[in-house]
Amino acid sequence: MDRVDLDTIKMLPFYCVIIPLIASFCMPVLARWKKEYCAPFTTAVTAAVFIITIIIGNHVIKGRAISYAVSGWRPPWGIEILVDPLSAVMMMLIAGISLCIMVYSFAAVKYELERIVSGWYYTAFLLCFSGMIGLVVSNDLFNMYVLIEITGISACALVAAKGTRLSTEAALKYLLLATVGSGFILFGIGFIYMITGHLNITFIAIELAQVRDQYPILIWTTLSFFVVGFGVKAALFPLHLWLPDAHSSAPSPSSAILSSLVVKVYIIAFVKILLIAFGLEIFHETFIRHLIIVLAVIAMLAGSFFAFVQIELKRRLAYSTVAQIGYVFLGIGLGTPWGLAAGMLHIVVHAFMKTCLFLCAGAIAYQTGRKKVNEFTGLGYLMPFTMGAFTISAFSMVGIPLFGGFISKYGLALGSLEADLPLLILVIILSGLLNATYYFPMIGQAYFSQDGDSNHGEHGSNEAQKKFKRDEIPLSMLIPIVVVALGVIYLGIFPGTILKFINQTVAVLL
Amino acid sequence: MDLELILLNFPYFVAIILFSMGTLIVLTQPNLVKKVIGINIMETSIFLFFIAVGNMHGGVPPIYDPQFPDALYVNPLPSVLMLTGIVVSFSVTAFALALIVKLYIYYGTVCAPNFMKLK
């Protein structure tokens, strides 16, 4: 590969951040001029970034991490962009899922939002998108903080875009708690700067390894600040209070992007700080991993219990996210090769599953107006494609073999064996069964409901209900749902493609 | 503890106390505007902390003076970072106040327990 080509490749991650950022600032102008061009333009930008991320992924998988110093300032002073295989796979995930959600938004935004805010919706979407990609690739702590704030504020805007009382309240609550969280993160960054004098993660790791014996208490304090800050941001169980409101009252494309991507990028940032900056020795010496494991186990069980008692479909899905975040944190807490890899794989799998579920919830509300979990009667015949995708994702959520969720749960079980904590397997199985208790009744009602308890007689006679019809949702809503559902199956059968990326990073980290 | 040490590290203590106060105000005050003020107190304490980290005892502002080529300069980086921090804090405040105005139009009050159905 010649020299020029390499330089171009080095610039690409930077373009991934800067193109959506510039496009988002063009969006209000475009919305004022030609409102109907907003959605295609946003889709084109997202698709372009997706193609770029695939090129980056192809380059990185050959074992060459991309490092780029922004505007020529070398790392200890300037901002460094570092794409390791984990970042590359997360970039592809973010861009791919965002593309699906964007295509879905074509019809959904017209249905769920007022016409006047749709331009601002795309602005917030692109800002959030660029913030997430930047957060994944950035190797500089303060830059990370700025991108955390960009992602957080634009995510609040995505919730508030609906403009109803509930969504405004939820957005305010999200904003206040998220700001408290990022305040904790910034304080932690200040502590790190105080200890090491660096903001670049690579240099922090070198410096911290030398001086960590001098500041044992300060390192404890820093770690606890980071756990609280990222715990609030990523909705780790006792700090998840904002999540169910924000995710259930947002418009469904926003719910999908919030639930599947936004909470995950914070986890990636946390992993980078915890395992690269602080390093494995501090991670094992302090009791941080015990804390994370305990919180994760509580999250897995309590999130599922809370989801079980919800009546509203999107609220149930939101609480299910709390439980699934527990799986990811469990993988981090285990700190063994399989555990960490499975945790990271679960980020990918859960992004596909939860996007699919939220998009299905939006599609069901679009066609039938039903929003409760006990109103699924006959839906399996009314909208076969949507319910098929819903069923696939729900099976994957429970952890049935051949679906994506099985692989990551199996990996977590292997990881807990590696970490000598075999009791955790029981917790994983129990949480999977709890998932089954609240997903299977919905599916059962959709396909096999008794004729007697049908509350929706307005759809004609029972005989007519039992015939398969085609979904009456626009094609632009149906295609993303089907694509994401196929992705769940693909991850279940061929997880190796993603695991190859993840294992490269995990091998470096552990 | 040594009084001298406390006096030397005075800004850090103030920063921690302000940070705790701000967090407490955000989490406990029923009034939404007071919550936003709490966030501002919290962020200001972080600014103070960063600038205290960059400070050197007996340091001069980091402007190069040919007459004193080896003067002890204060570290300018944390102060510069906090410029960005102030912008972030400003935008969060603006956004939060905009949402509060919208809620005020809906409910006619800014006192959270009067209307917050979400808990």
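Data table
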{"item": "The range B:17-42, subset β-branched (Val, Ile, Thr) and more than 9 Å from every other protein chain (Cβ to nearest Cβ), residue farthest from A:Phe184 (Cα to Cα)", "result": "B:Val33"}
{"item": "Residue among A:Ile219, A:Ile257 that alone is at pLDDT 90 or above and away from chain B (no Cβ under 12 Å)", "result": "A:Ile257"}
{"item": "All positions within the range A:303-333 that are touching a Phe, Trp or Tyr at 6+ places or on another chain (Cβ under 6 Å) and small (Gly, Ala, Ser)", "result": "A:Gly303, A:Ala307"}
{"item": "Options B:Gly38, B:Gly54, B:Gly58, B:Gly22: the member that is on the phi > 0 side of the Ramachandran plot and either free of Cβ contacts under 8 Å to residues at least 24 places away in the same chain or surrounded by 13 or more Cβ atoms within 10 Å (Cβ to Cβ) (or both)", "result": "B:Gly58"}
{"item": "Residue under evaluation A:Gly432, criteria (1) part of a helix (DSSP H, G or I); (2) of a type outside the set (Ser, Thr, Tyr); (3) crowded, with 17+ Cβ neighbours inside 10 Å; (4) modelled with pLDDT under 80, criterion not met", "result": "(4)"}
{"item": "Near pairs, Cβ below 8 angstrom, 6+ apart or cross-chain, from the range B:89-106 (without any contact (Cβ under 8 Å) to a residue 40 or more places away in the chain) to any residue that is hydrophobic (A, V, I, L, M, F, W, C) and loosely packed, with under 13 Cβ neighbours inside 10 Å", "result": "none"}
{"item": "Subset of the range A:167-187 (residues that are at the interface with chain B (Cβ under 7 Å from one of its Cβ atoms) and aliphatic (A, V, I, L, M))", "result": "A:Ala170, A:Ala171, A:Leu172, A:Leu175, A:Leu176, A:Val180, A:Leu186"}
{"item": "Given (1) in a helix (DSSP H, G or I); (2) among the β-branched types (Val, Ile, Thr); (3) out of contact with any Leu (no Cβ under 7 Å at 6 or more places or on another chain), number of the condition A:Ile81 does not satisfy", "result": "(1)"}
{"item": "Sole residue being part of a helix (DSSP H, G or I), of a type outside the set (A, V, I, L, M) and crowded, with 21+ Cβ neighbours inside 10 Å, chosen from A:Phe390, A:Phe376, A:Phe385", "result": "A:Phe390"}
{"item": "Residues of the range A:190-206 classified as more than 20 Å from A:Ile81 (Cβ to Cβ) and aliphatic (A, V, I, L, M), total", "result": "2"}
{"item": "Search result, residues across the range A:311-329 that are aromatic (Phe, Trp, Tyr) and closer than 15 Å to A:Met353 by Cα", "result": "A:Tyr319, A:Tyr327"}
{"item": "Positions within the range A:59-76 being surrounded by 13 or more Cβ atoms within 10 Å (Cβ to Cβ) and hydrophobic (A, V, I, L, M, F, W, C), in sequence order", "result": "A:Val60, A:Ile61, A:Ala65, A:Ile66, A:Ala69, A:Val70"}
{"item": "Which numbered condition B:Gln67 misses (of (1) part of a loop (DSSP other than H, G, I, E, B); (2) touching a residue at least 12 places away in the same chain (Cβ under 8 Å))", "result": "(2)"}
{"item": "Selection within the range A:215-228 - in a helix (DSSP H, G or I) and either surrounded by fewer than 17 Cβ atoms within 10 Å (Cβ to Cβ) or free of Cβ contacts under 8 Å to residues at least 60 places away in the same chain (or both)", "result": "A:Pro216, A:Ile217, A:Leu218, A:Trp220, A:Thr221, A:Thr222, A:Ser224, A:Phe225, A:Phe226, A:Val228"}
{"item": "Contacts under 6 angstrom Cβ, first residue in the range A:63-82 being in contact (Cβ under 8 Å) with a residue 24 or more places away in the chain, partner of a type in the set (Lys, Arg), 6 or more apart", "result": "A:Ile66/A:Lys10; A:Tyr68/A:Lys10"}
{"item": "Flag for B:Val26 being at pLDDT below 90 and out of contact with any strand residue (DSSP E or B) (no Cβ under 9 Å at 6 or more places or on another chain)", "result": "yes"}
{"item": "Residue match in the range A:144-151 (condition: without any contact (Cβ under 8 Å) to a residue 12 or more places away in the chain, under 30 Å from A:Ala69 (Cβ atoms) and either over 17 Å from the mean Cα position of the chain (by Cα) or away from chain B (no Cβ under 14 Å) (or both))", "result": "yes"}
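Listed here are the residues, each with its yes/no results for (1) polar (S, T, N, Q); (2) crowded, with 16+ Cβ neighbours inside 10 Å; (3) at pLDDT 90 or above.
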residue: A:Thr53; (1), (2), (3): yes, yes, yes
residue: A:Gly57; (1), (2), (3): no, yes, no
residue: A:Leu82; (1), (2), (3): no, yes, no
residue: A:Ser98; (1), (2), (3): yes, yes, yes
residue: A:Ile101; (1), (2), (3): no, yes, yes
residue: A:Ala108; (1), (2), (3): no, yes, no
residue: A:Arg115; (1), (2), (3): no, no, no
residue: A:Ser118; (1), (2), (3): yes, yes, no
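To keep it simple, each residue is scored yes or no on (1) buried (at least 24 other Cβ atoms within 10 Å of the Cβ); (2) in contact (Cβ under 8 Å) with a residue 60 or more places away in the chain; (3) acidic (Asp, Glu).
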| residue | (1), (2), (3) |
| --- | --- |
| A:Tyr193 | no, no, no |
| A:Ala205 | no, yes, no |
| A:Asp213 | no, no, yes |
| A:Ser249 | yes, yes, no |
| A:Ala256 | yes, yes, no |
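The values are calculated or read from the model by the stated rules, or taken from the named source; none is laboratory data. Everything numeric in this text was worked out from a predicted model, so none of it was measured. Because the Cβ atoms are built from the backbone with ideal geometry, glycine has one as well, and the counts that use them run over all protein chains shown.
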